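What follows is calculated from the coordinates using simple rules that are stated; it is not laboratory data. A quick note: this is a predicted structure, and the numbers were derived from the prediction, not measured. In this analysis, Cβ positions are derived from the backbone assuming ideal geometry, glycine residues included, and neighbour counts consider all displayed protein chains.
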Amino acid sequence: MTETADLAPSLGKLRPAVGYASDYGDTPAVVARPKPLRVAVIGEFNSGKTTLVNALLGAAVLPASFTTHTAYTTVVRFASKPSLRAEIAKRRRVNIDWHELDGTPAHGICRLHVGMPLDPLRTLRAIDTPGLGLGDESVDTRTLRYCCTADVVIWCTPAMQAWKASEHRAWLALPKAVRRRGILAVTFMDQLRSPSDAGRLLTRLRADAAPLFGRMVTATAHAVDPDLQAALTGGREAARR
Amino acid sequence: MGYEAPGLGEISPVEPQSRPAEAIGAPLEAARATLLDLTTRLAGLLGEHAGPLLDVAERQLQERSCRIAVIGQIKAGKSTFINALARRPGLLPTDINPWTVVVTALHFRAAPTPPEHAGVFHLFSVDEWRELAEGGGRLRELTERLVPGFQSDLLRAQLQVMRKRAERRLGPKFPELLGQCHRYQTVSPQVLTDYVSAGDEDAWPGKRRHFSDITRAADLYFNDSPFAFPITLIDTPGTNDPFLVRDEITRRSLENPDIYVFVVSALQPLSAGDIAMLRLLNGLHKDRIVVFINRADQLPNLASDAAEVKAAIERRLRAEFPSLNIPVVYGSAWLGNLRLQAEAGELPPVVAPERTPSPVHCPRETAPRPTTEGAPGHHTGHHTGEPSRSVPAVHISSGMAEVSAAITRLMCTSGIAMLLRQIALCLAELVRTADVADRAELQSILELIEARRRESEVLGRRIADEERSLAAFEDHAEALNTSFEEVEVHFKGVIGTATQLLRSQLGTMVREFASREAEYLQQALQEKPRRANWRCDVMPLREDMEEAYLGIVDRAAKDLDRVEEFLYPQLRMIVSSLLPAYHGGLLEGLAWPEGASPSVAPLGDKVTVDLAVSWWRRWFASRRISKERANHLRYLIEDDFLRIADELVQEAETHLTERVDYIMGRVRAVSSGLQTGVERRTANLAREKELLEGAGDPQAAERFETEQRQRADACRQRQEGYAAALGELQSVLEGLDGAQGESRMG
């Protein structure tokens, strides 16, 4: 299944909401290092957000697990060498190790910042978020508010239990402007038991959910498409032209 | 109203495979079978007076099944779970999209003959349809109360879709079908799909008629049961369905089940919505829930992740409900079905994996690992074509045996077990009463025979004694009947006081809560900055009401017990006057089993305040003055909950009245049992007297003597029967106690 590749051109087509054109519009000098596209990935817990981020970046950058959920909003950006830092107060970041984060949110950490020397990160910044619907409404509100600032918002819905009323409600609670630059990613497509299932599922989602998004794409959990990097860059360059 | 099945070659459901070793409800079934057998045997032994009580017991034993409702969010795998549990793969239709839209009850009962109808489908009545399709049902009612004159675009659009679809599928004259009930001799998967599945949108004219939009409920009957005890499995449409109308239908169609199996997906277990639903269920039906973590086969690491997910869920449940020990089982209903198909020879036992994903690019935790004990590794293989994914390694449990055991354990402490115990106690009482009456009769016969051997003077004295004793009984019996009447008045008084107290307490509780919440809201609105997440949580009110309700009913029940105890000395006195030396333990203990509590179902009703945040946002947008808002909130809470309080009062009254009826039925049966015995003796005595006074015909005297001896023999024989029955009842009760004890330990 190569539908992950779907995502790349669609990212390219979406114009970021803020600070995009002015960054490289007229001055060729800035074109070399444009402000990266900020892509926020949200959805209910275990909906494959972290896996999708890893797939986007073409490497297992973030730990994805079914039993320990992503506890912090994690921003992945380009860096010449790998780094992991915790933001503990405005503008204060300290180095930290994955092992020090045991999955339960510790007080004081508001975000994690991951730096990786990965090519895709030259053009996009990925924001992974804690899952919604774990029970703490204030955490959910904070997550949703933060992702409103991103250029592109990807909502992950898992293929096996796709598009529930709670997702519908949460998505509709976002401002219309954010929804318009939203992408519905149907994750774990490889978990479906037959291609005909996939067809039926997508038919339903096209009718019920896709109209609420800029567009809909599919993604798989394990298969990291080797073309993805190239496609992303290509899409990005297409957008630039 | 009959409906002939269209002649499309219906086939019977798949034949079940061999029964598992420990079928659901086995310990209770043994008790049920013994009791059912005893009701028939005792009918011959006990005489007419016991008839009505025996009939009631027999009907309950025959008709009562254990109702197991399978609930959970959409796509948790509820229908698949039922197929696996019932050992009938492919019975209920399943799909990748939310598919079950009708509450479907599957009645399993082992019987030699097939049921009259295999499937009965109840369509909405005209009124129900109008209320639902044009009004939007209860959801619309609630939202209308919250924001008058406002109907969600979404809800309106969905209702429109539903009406249009019904028309497209069933023709413009579909309202003519409303109110019908369609019966089928056999039910094919296609028929089930027509009635209980969402169905595809692209229906075309001339296609099979699809009734699910207008079907209210479905009943399927099976005489070939994979379970030991009569079981009714109830499949429900999933909650959290974006198609809002369905949620309400489900809620309404769930009658007080004995056990809930709460199915969650291992991939997204226990979301906020799940917890809210569990909290509601749990408030209402303690000790009735099993959590089944389904789809464990889809976890990246079957063996390790499944155990971890289970542990996480158990932690979460302990944190949420510290006083309870909700059993959690994980497994895969899909795998369970595959196994059954493999057993039936429809599939090879293991389908080899097509390929193993390369671990190189896989993020942590998704690379396949060898599983424990050197067993062959599992395969999360990608499929490249039909028909199905590869079957994961077969040593992963489907969880079906474990969940069956958990259900059986819950059954042993459920209302079903209580009912069986109650019936056993009641039968024992009847037998002991008959025993007393027969012993007294036997004694009298033997004494009279003895007396006849001597002089007529002795016999005359003996007869006079006996007459006095019977007259004394008559006096006692009369007094007893008077006191029965008095006691009934007392009983009514107790019920009246309790319901009055209940009404006033619940009312006060609701009003106080409403005022308090209104005040909080007003404060919250005046705070600067405004509290963004204001939310009215009525769960505490529900819990308080439940506690008060159960408390008051319990106190009233204790009062009833005291009044009941007042009856027993009188009954015992009569027994001892009939048979001074009898110590058979008659009327010991109370008739009503402990812990049989009244229904709290009204508390589960959805109220306006339960509506989702988005509705409340509209509400906030609609009114300006904070005082006005607070008053509206107070009104909403009071109006909803006072109605619930009324329903609770009615439930309490029904429950207590049932209890009184049962107690009175029982003591009346005891007293009439004694009376029947006495009547027999009076008749004997009259003939004896006649013979004594006539004193002429030796042949007649001889005949009478033979007759009396035969009577004595019959008494002795009956007593043997009683002893055997009491022995059996004793072992039934011990068995029930044992099963209950074991399940508590487990």
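Diffusion coefficient of the stretch B:61-131 by Stokes-Einstein, Kirkwood radius over Cα pairs, 25 °C, 0.890 mPa s: 166 µm²/s. Neighbour counts of other Cβ atoms within 10 Å put B:ARG216, A:ARG92 in the fewest-to-most order A:ARG92, B:ARG216. Averaged over peptide A:128-138, the number of partner chain Cβ atoms lying within 10 Å of each residue's Cβ comes to 3. Neighbouring Cβ atoms from other chains, within 10 Å of the Cβ of residues in B:264-271, number 6 on average. Panel values: the stretch A:159-211, Kirkwood radius from alpha carbon pairs, Stokes-Einstein at 25 °C and 0.890 mPa s, translational diffusion coefficient 203 µm²/s. The equivalent ellipsoid of the stretch B:431-511 has semi-axes of 53, 14, 4 Å, largest first, where each one is the square root of 5 times an eigenvalue of the Cα gyration tensor. Taking each of B:LYS78/B:LYS606; A:LYS164/B:LYS310; B:LYS558/B:LYS606; A:LYS49/B:LYS164; B:LYS78/B:LYS164 in turn, the alpha-carbon distance tops 26 angstrom for B:LYS558/B:LYS606; A:LYS49/B:LYS164; B:LYS78/B:LYS164. Taking 12 Å as the straight-line reach from the Cα of B:LYS492, the aspartates and glutamates in range (excluding those fewer than 8 positions away in the same chain) are B:ASP559, B:GLU653, B:GLU658, B:ASP661.
A protection proxy built from the mean count of other Cβ atoms within 10 Å ranks the segments B:50-57, B:77-84, most packed first, as B:77-84, B:50-57.
Of the peptides A:78-85, B:546-553, the order by per-residue mean of other Cβ atoms within 10 Å, starting with the highest, comes out as B:546-553, A:78-85. Shielding of A:154-166 by partners, i.e. mean partner chain Cβ atoms within 10 Å per residue? Mean shielding by partner chains, rounded to a whole number: 6. According to the square roots a ≥ b ≥ c of the eigenvalues of the Cα gyration tensor, what is the shape class of the stretch B:616-746, taking rounded for a/c under 1.5, prolate for a/b larger than b/c otherwise, and oblate for the remainder? It is oblate, given that a/c is not under 1.5 and a/b is not larger than b/c. Comparing the stretch B:393-434 with the 2.2 N^0.38 Å rule of thumb, its C-alpha radius of gyration ratio is 1.97 (two decimals). Over the C-alpha trace of the stretch A:98-191, radius of gyration and Dmax come out as 14.9, 39 angstrom. Shape verdict for the stretch B:659-727, please, from the Cα gyration tensor: rounded (a/c under 1.5), prolate (a/b greater than b/c) or oblate. Because a/c hits 1.5 or more and a/b fails to exceed b/c, the stretch B:659-727 counts as oblate. Of the peptides B:220-233, B:499-512, the ranking by mean beta-carbon count within 10 Å, highest at the top, reads B:220-233, B:499-512.
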